[in-house]
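Enquirer: The structure under discussion is supplied below as C-alpha cells; questions concerning it will follow.
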Amino acid sequence: MTDAVATDVPDISADWYHDVVEFADSTPQPVHWFATYFTEGALLLLGVLLVLAALTRLSGRDVRGHALVLAAPVTVLLAYAASLGLKNLIAEDRPCRSLADLAIVAAHCPPVGDWSFPSNHSTIAGALAATTLLLHRRIGLVAVPLALLAGVSRTFVGVHYPHDVAAGLLLGALVGALLTPLAARPIAEVLHRRTRPLVHVGRHR
C-alpha cells in the first residue's frame, strides 16, 4: 500500500498512517461522527482553556503575568504562520490523495495546494497547549493531552501522516514555550512605564 506514497514521506509514517486509517474505518459510524467534529472542535476547546488560564493572570498587579497574557495569542499566530511557511516550502501531498484507495473518516480530502506537512491544526494545538501551560500549570496539564488528541485525530480522520502531526505539535510547542516569554519582556517594560506615573501620583496625594 505504501508504494504510492511520495518518496519524501518516511516509510514508518506511511505504514502507521495505513494502520490508523484502516482501524478508523473499522470503527462504528458514531465514532466517525465524533472524530470528524472533534478534530475541528478541539482547537476551540484549547482556545477556551487558554482564555481561562489568561483570566487567572489578569487579577492583581502582576505585570509579567499581564505581559504573558498579551504575548500568548501573538506567539500562537506566529506558530501558525511558521507552519504555513513550511507547508508552502515543502509542499508534501496529502495522504488522502497519495493513498486514494484507502477509505478515510473525513468527509473530503483538502484540495491540491493545501499541503500536508506540517499539520496546521497540530501546530496551533501545540502552541495553545504550551502557552496555556505557561500561564497556569493545572489548566495547562489539561490542555497538553487535549492537544495530543487533537493531533492524533488528524491522522485518524485520514488527512495527515503521523509525522505531519508530530512536527506540527513540536513546532507549536517550541514557538509557544520559547517565544512567549521573550515577547513578554518588551510588553512588560511598556506596562511598567504605564503604571509608574500612576504610582507617583498616588504617593504625592
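Enquirer: I want to check the label-to-label distance for L170 and R137. Put each point 7 Å from Cα in the C-beta direction and report it in nm to one decimal.
Expert: The two pseudo-label positions are separated by 2.7 nm.
Enquirer: I would also like to ask the following. Give me Rg/Rg_expected for the chain, where Rg uses Cα atoms only and Rg_expected = 2.2 N^0.38 Å with N residues.
Expert: After normalising by residue count via 2.2 N^0.38 Å, the value is 1.23.
Enquirer: I've got another one for you. Rank T75, T180, T27 by mean-square fluctuation in a GNM of the chain with C-alpha springs under 10 angstrom and give only the top-ranked residue.
Expert: Highest fluctuation among the options: T27.
Enquirer: If you don't mind, another one. How about the stretch 22-97: which trypsin sites (Lys or Arg not before Pro) there are in a DSSP loop, with at most 12 other Cβ atoms within 10 Å of their Cβ?
Expert: Taking the stretch 22-97 and a limit of 12 other Cβ atoms within 10 Å, the loop trypsin sites (Lys or Arg not before Pro) found are R61.
Enquirer: If each of L77 and S59 carries a label point 7 Å out from its Cα toward its Cβ, how far apart are those two points in nm?
Expert: Simple spin-label model gives 2.9 nm for this pair.
Enquirer: Determine, from the Cβ-Cβ distance of F38 and W16 and an R0 of 30 Å, the FRET efficiency 1/(1 + (r/R0)^6), rounded to the nearest 0.05.
Expert: 0.95
Enquirer: Still on this structure, I have one more. Show me, bin by bin at 10 Å from 0, the whole-percent P(r) of the stretch 46-98 based on Cα pairs.
Expert: Calculated P(r), rounded to whole percents: 21, 33, 22, 16, 7, 1.
Enquirer: Then there is this: State, to one decimal in nm, how far the label point of E189 lies from the label point of Q29, with both points 7 Å from Cα in the Cβ direction.
Expert: Here the answer is 6.1 nm between the modelled labels.
Enquirer: Step by step: find N for the stretch 61-173, compute 2.2 N^0.38 Å, then divide the Cα radius of gyration by it. What's the final number?
Expert: Details: Rg = 15.5 Å, N = 113, 2.2 N^0.38 = 13.3 Å.
Expressed relative to 2.2 N^0.38 Å, the Cα Rg reads 1.17.
Enquirer: Ignoring ligands, DNA and RNA, what percent of the 1.4 Å accessible area of the chain is carbon and sulfur?
Expert: Numbers: 7530 of 11130 Å².
Its accessible area is 68 percent carbon and sulfur atoms.
Enquirer: Restricting to DSSP H runs of at least four residues, report the calculated mean residue ellipticity at 222 nm for the chain, -39500 (n - 2.57) per run over all residues, nearest 500 deg cm²/dmol.
Expert: Taken over the chain, the calculation gives -26500 deg cm²/dmol.
Enquirer: Could you tell me the calculated FRET efficiency between A103 and L178, based on Cβ-Cβ distance and R0 = 25 angstrom, to the nearest 0.05?
Expert: Between A103 and L178 the formula returns 0.05.
The values are calculated or read from the model by the stated rules, or taken from the named source; none is laboratory data. Computed from a prediction, not measured in an experiment: that's the story for all the values here. Every residue, glycine among them, receives a Cβ derived from its backbone with ideal geometry; neighbour counts consider all protein chains shown. Only protein heavy atoms, including side chains, enter the accessible area calculation; ligands, DNA and RNA are left aside. Shrake-Rupley method; radii C 1.70, N 1.55, O 1.52, S 1.80 Å.
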